[in-house]
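The values are calculated or read from the model by the stated rules, or taken from the named source; none is laboratory data. Quick caveat: nothing in here was measured; it's all calculated off a predicted structure. Cβ: placed from backbone, ideal geometry, glycine included. Neighbour counts: every protein chain shown.
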Amino acid sequence: MSSNALYYCLVVIAINYLSSDLLRIFAYSTLLFWIIFKNIRYYKSLPPGPWGVPFLGILPFMNKRPPHLVYLNMSKQYGDVFSIQMGSNLTVCLGSTKLMKEFFSRNDSTDRPNTPLNNLLEGFGIITSQGALWKRQRMFLHEKFRALGVKLWPNTRFEKSISMEIDELIAELQESDGVPVNPGYLFGRHIHNVICQLMMNYRFQADDKNFTMFNERVIRGMQLFGLVLFGEHVPAYLKLPGKMEVLNEIKRNLVDISKFHGDHVVERIKQRANSAHNKEPADLLDCYLDKLDEENSMDSNDKKNIFPDVDPVKQIVQVMNDLFSAGMDTSLTSLLWTCIMMLKNPEAAEKVRSELRKFVAVGEKVTMAHRLQMPYIEAVVLETMRVASIVPLGTTHVNSKDWKIGKYVVPAGTHIVPLINKMNMDPEIYPEPELFKPERFIKDEISYGPS
Ligand code: HEM
């Protein structure tokens, strides 16, 4: 029971003890007025938004449309910040870069939704972890990714692993000898290999059973989440017949994906126990295990722990699951969108070809060293990401304290959703946003994307 409901129950019990009917009528009327006044004040202080129905909020009006399109539509009416009730969850959507920056630079913006599907991961990993655990993982991953060569410089170890995948990809394309191939399937394994090499120095071979298992589990996982998503906002829905089975299948799915990563972690721990490993970390898994060794050898008071109060192996495995699920489909979809944009915009495709002809000799491989010479190609990538908005909504965060935005108050515990698609289509930042214009990312003949 919420503290508000408890408070009102106690007041009602107290009123019932009053000695006269007149006093009771007066007390009940005052209580009713107080509740109405408090509610009006509360709703007036929220950012504007549509009315919903009791208990369900706007859920009945979503008409099975994808949430990001519903929100985008609402932002046309309500502007850069608006509130909606999604079942039991008050949700505030942010549509401007300024508000997103303001929110995410606050120390109290690091909580996550306490909802049934989110809770399946028990707060491990990075995508659903919160507070100190989340912050320390992010810092650790940023630092270690750079150390492992994930940067835009030439000749890094990371570039070499990408280069190896490209060699195989080209050979596979050549083998197809002009017969149409599904690029989604071809790219998928190589993207996964880049991520897997970075995480645990592992590559999937063609027709690897584990890779097929991963794909099947991920596709099935998405379908299953879709079947019970309503329960994130109305938990009672998950008690309906058939829904429990879906939840159980989701859990089994997660176990299968985790087992693959978990086996690698256990195997590596064994290998390290049997050999001296005071050498450069080969991958992210080594970085995590080095850190774990370091923390275990320290006096507990000295620890700047990256595993605060969590089982470190579970945490490492879930970080791997998260990197895989966040990195694989996003990179694949971005590549596929780039192909689509080239087909839909032949003029841009021709400029890409001519830039390649100018700076890359026939038979030579494109490398990071070419990057600064080819701003148009980089701009095409950035413009594709903008137009396609393949991740239209940022991950949901929850504020642990009230947040004032001008005359509005976003109460603590609100689900905050960044509308990345809205930001990408903002005409003030990107004039004529619906047009595919890579030139908008080029200034003084250099692309001003990531530096
Ligand atoms: C072109 C490809 C990609 C796109 C467009 C993309 C986009 C995004 C977006 C929009 C978010 C949400 C940010 C937020 O709201 O906090 C996100 C989060 C994340 N991405 Fe990516 N991403 C891509 C590739 C990758 C790759 C390759 C990896 C790792 C191998 C990765 C790992 C993550 C992780 C771990 C998070 C969660 C971060 C957090 O919750 O703090 N992403 N990504």
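Things worth noting here:
Conditions (1) within 16 Å of the ligand (Cβ to nearest atom); (2) without any contact (Cβ under 8 Å) to a residue 40 or more places away in the chain; (3) closer than 25 Å to Asn424 by Cα; (4) touching a Phe, Trp or Tyr at 6+ places or on another chain (Cβ under 9 Å), marked per residue:
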site: Met74; (1), (2), (3), (4): no, yes, yes, yes
site: Gly79; (1), (2), (3), (4): no, yes, yes, no
site: Phe82; (1), (2), (3), (4): no, yes, yes, yes
site: Ser96; (1), (2), (3), (4): yes, no, yes, no
site: Leu99; (1), (2), (3), (4): yes, no, yes, no
site: Phe103; (1), (2), (3), (4): yes, no, yes, yes
site: Ser109; (1), (2), (3), (4): yes, no, yes, yes
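- Each residue in region 111-140 was checked for being of a type in the set (Lys, Arg), part of a helix (DSSP H, G or I) and in contact (Cβ under 8 Å) with a residue 40 or more places away in the chain, and 1 pass.
- Selection count, region 332-386, where residues are of a type outside the set (Asp, Glu) and in contact with a Gly (Cβ under 8 Å, 6 or more places away or on another chain): 5
- For region 327-345, the criterion of being more than 9 Å from the ligand (Cβ to nearest atom), assigned by TED's automatic domain parsing to the domain that holds Arg136 and closer than 30 Å to Glu294 by Cβ is satisfied by no residue at all.
- Test: residue in region 285-298 that is more than 16 Å from the ligand (Cβ to nearest atom), closer than 27 Å to Val150 by Cα, among the basic types (Lys, Arg) and part of a helix (DSSP H, G or I): yes
- Single unsatisfied condition, Asn201 versus (1) more than 16 Å from the ligand (Cβ to nearest atom); (2) in contact with an Asp or Glu (Cβ under 6 Å, 6 or more places away or on another chain): (1)
- Glu378 falls short of the stated requirement of being in contact with a Lys or Arg (Cβ under 6 Å, 6 or more places away or on another chain), surrounded by 15 or more Cβ atoms within 10 Å (Cβ to Cβ) and within 25 Å of Leu141 (Cβ to Cβ).
Residue-wise test of (1) within 16 Å of the ligand (Cβ to nearest atom); (2) touching a helix residue (DSSP H, G or I) at 6+ places or on another chain (Cβ under 6 Å).
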{"site": "Gly125", "(1), (2)": "yes, yes"}
{"site": "Gly131", "(1), (2)": "yes, no"}
{"site": "Glu143", "(1), (2)": "yes, no"}
{"site": "Leu173", "(1), (2)": "no, no"}
{"site": "Ser176", "(1), (2)": "no, no"}
{"site": "His192", "(1), (2)": "yes, yes"}
{"site": "Thr212", "(1), (2)": "no, no"}
